[in-house]
Amino acid sequence: MNTLFVGQNLITLESVDSTNTFLLDSSNTEKLVEGTVVYAKRQIKGRGQRDNLWISEGEKSFCVSVLFYPKIELSYQFTFNKCIALALVSSFNILGVKSFIKWPNDILVNDKKIAGVLIENSVRDKKLQKSIVGIGINANNNCSDIENAISLKEVFKNEIDIKVLLSTLCHELEKYYLLFRSDKKQIQELYNSLLYKKDSRVNFSKNGNLFTAVVKEVDNLGRLVLVEEGQEKAYSMGELRFNFS
Ligand code: BTN
């Protein structure tokens, strides 16, 4: 496919509560093509994972939501999430910065969060029919007051061109979505090769109990596989936390 379908239908908003909510509502009331992108200059009530708020700094933060109709078995749901994380890492690579994926899909640069992803799915007939992929990138905003966060501007010591960021991201989303459709094994392998702290011993906490384990990989179901005293154990999302302190 030569023509990009991601971003071909681009809806630009001056201001919105949440691009995810806007795209979810719009896609429920009108037929939007796959790859529709909603980009907001200002997002005032951004939503993050685990019901957290996602705070943006006017036009300096980068907020988009992208519409996909994956129509895949639910067992591939997390592999789809992996292709989104890979598209982000690849975009940052193209822009000149090396990043890693902190399970499940935070993107880190220099151990600090530079981007977050909120994927909201609609399921019917045991298939993932529609997916709203919300992406927040610390672009030209100031993160110095936020713990464990960094922006592209702070990395490059220069403002980033938002149009370049948007077109690079659309291109890489399309590339990795097509790869996901054709070669899921490669998506798994690439994701694991970019996994934050892979093969390193890390402190974790589970139900308030601290333990250390070596990060091995993320399996096809999206569980983090750790090695503790020679034994492999897979943990689901929400079951444990990285503990850096
Ligand atoms: C996270 O908690 O790490 C996920 C943050 C996702 C934020 C983005 S910004 C664009 C889109 N719209 C939202 O309301 N949230 C996502």
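The values are calculated or read from the model by the stated rules, or taken from the named source; none is laboratory data. Here the structure is a predicted model, which means the values were calculated and not measured. Cβ placement follows ideal geometry from the backbone for every residue including glycine, while neighbour counts extend to all protein chains displayed. All accessible areas refer to the heavy atoms of the entire protein, side chains included, with ligands and DNA or RNA removed. Shrake-Rupley method; radii C 1.70, N 1.55, O 1.52, S 1.80 Å.
Observations, loosely collected:
- Residues that are loosely packed, with under 12 Cβ neighbours inside 10 Å and among the polar types (S, T, N, Q) were ranked within the range 220-243; the one that is farthest from Ile187 (Cα to Cα) is Gln231.
- Just one of the listed residues (Ala115, Ala139) is within 12 Å of the ligand (Cβ to nearest atom) and free of Cβ contacts under 8 Å to residues at least 60 places away in the same chain, namely Ala115.
- Residues in the range 129-145 that are assigned to a loop (DSSP other than H, G, I, E, B) and surrounded by fewer than 20 Cβ atoms within 10 Å (Cβ to Cβ): Asn142, Cys143, Ser144, Asp145.
- If you check Leu173, Leu179 for being modelled with pLDDT of 95 or more, over 30 Å from Lys60 (Cβ atoms), open to solvent by less than 40 Å² (accessible area, probe 1.4 Å) and touching a helix residue (DSSP H, G or I) at 6+ places or on another chain (Cβ under 8 Å), only one passes: Leu179.
- A count restricted to the range 73-107 and to residues that are under 25 Å from Ile11 (Cβ atoms) and away from the ligand (no atom under 13 Å from the Cβ) stands at 9.
- Identity of the residue in the range 96-127, in contact with a Leu (Cβ under 9 Å, 6 or more places away or on another chain) and part of a loop (DSSP other than H, G, I, E, B), that ends up farthest from Asn142 (Cα to Cα): Lys126
- Filter result for the condition that a residue is open to solvent by 10 Å² or more (accessible area, probe 1.4 Å), under 12 Å from the mean Cα position of the chain (by Cα) and over 16 Å from Glu34 (Cα atoms), over Asn110, Asn81, Asn148: Asn81
- Scanning the range 35-54 for residues that are without any contact (Cβ under 8 Å) to a residue 60 or more places away in the chain and open to solvent by 50 Å² or more (accessible area, probe 1.4 Å), we see that the one that is nearest to the ligand (Cβ to nearest atom) is Asn52.
- Selected residue (only one of Gly58, Gly7 is at pLDDT below 95, open to solvent by less than 50 Å² (accessible area, probe 1.4 Å) and more than 8 Å from the ligand (Cβ to nearest atom)): Gly58
- Filter pass, Asn121 being more than 17 Å from the chain's Cα centre (by Cα) and polar (S, T, N, Q): no
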